[in-house]
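Read through the structure below, which is laid out as structure tokens, and then see the notes.
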Amino acid sequence: MLQSCGMASIDELRRRWRPTGRPLGDATILRILAAGLLLAALALLVSLARPQALPDFSAWPAGPERKARFVEFMQPLIAAENARVLRDRGRLVSIAAADEAGWRDRRWLRALGERYRLDPETLSGDELLATLLLRVDAVPMSLALAQAAKESGWGTSRFAREGRNLFGQWCYEPGCGIVPHARGAQATHEVERFSTPRESVESYLRNINTHSAYRDFRLARAGLRASRAPLSGLVLAEELQSYSERGSAYVDEIKQLIRFNDLEEFDGNTDA
């Protein structure tokens, strides 16, 4: 097992390290191995904590090639986060179809409610389940790709490059992100900084699925579910006027991005 991890076996260590001509004892060998494992674990933690940079999308000329590279990079990140959300939604649907939730399911519902910024103490079991069914759902790939492209300049904006922020999310605690150059004198917001691009995607989905500004989006999505219609980026984009101060003009740009770049072809199966 040690050899499969790239580490020497105890017998091999005994053969290598005999500075006094005496074999090393088992306790000494185990301490050496433990120290090696600890150093390897620390190295792994350091590598995981290190911010992960985006590809340099400006290395490709603006146009079809840069767009293709951006979509190729973003699509698996969005798909992975949507899949995680849909797994939870699948369990919610199963609980809703059951006669009564068991204690394990009730405990899981409370934890999920807290993750989705609800206070389970103020909701009945049925209210918590109904609210979670509105919130725990996917965002169409076409819509997420279009918003990422718009908000990050196809991955080339300052906030994307320096903060791995692909969706323009703001934060309000000093030092939480990057201060925009054009921020007004009275404004306090910063553009949030993320450790990884996937963290930005996760935050985007959580924002869409929990913020009060996007309640109409969630209701429209639930309507599509109720009618057994596919989740359409073009349809749901209509409910994102609050995403930008530009309101309906922003929505029109997102819809044009979806159409012009044929992004709906990336909308896969979002059944749950």
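The values are calculated or read from the model by the stated rules, or taken from the named source; none is laboratory data. In this text, all values refer to a predicted model and were calculated from it rather than measured experimentally. Heads up, the Cβs are rebuilt from the backbone with ideal geometry, glycines too, and the neighbour counts pull from every protein chain shown.
Taken over the range 231-245, the criterion of being farther than 14 Å from Gln147 by Cα and either surrounded by fewer than 16 Cβ atoms within 10 Å (Cβ to Cβ) or in contact with a Phe, Trp or Tyr (Cβ under 8 Å, 6 or more places away or on another chain) (or both) is satisfied by Glu245 alone.
Condition first: touching a Gly at 6+ places or on another chain (Cβ under 8 Å), modelled with pLDDT of 65 or more and closer than 20 Å to Gln147 by Cβ. Can you find one or more residues in the range 81-93 that meet it? Break it down into steps so the answer makes sense when it comes.
Just the residues of the range 81-93 that are touching a Gly at 6+ places or on another chain (Cβ under 8 Å), to begin with: none.
No: zero hits.
Against the numbered list (1) over 20 Å from Arg135 (Cβ atoms); (2) surrounded by fewer than 17 Cβ atoms within 10 Å (Cβ to Cβ), Pro197 comes up short only at (2). Listed by position, the helices (runs of 4 or more DSSP H) contained in the range 88-165 that have at least 2 residues being crowded, with 22+ Cβ neighbours inside 10 Å and assigned by TED's automatic domain parsing to the domain that holds Arg218 are 141-152, 158-163.
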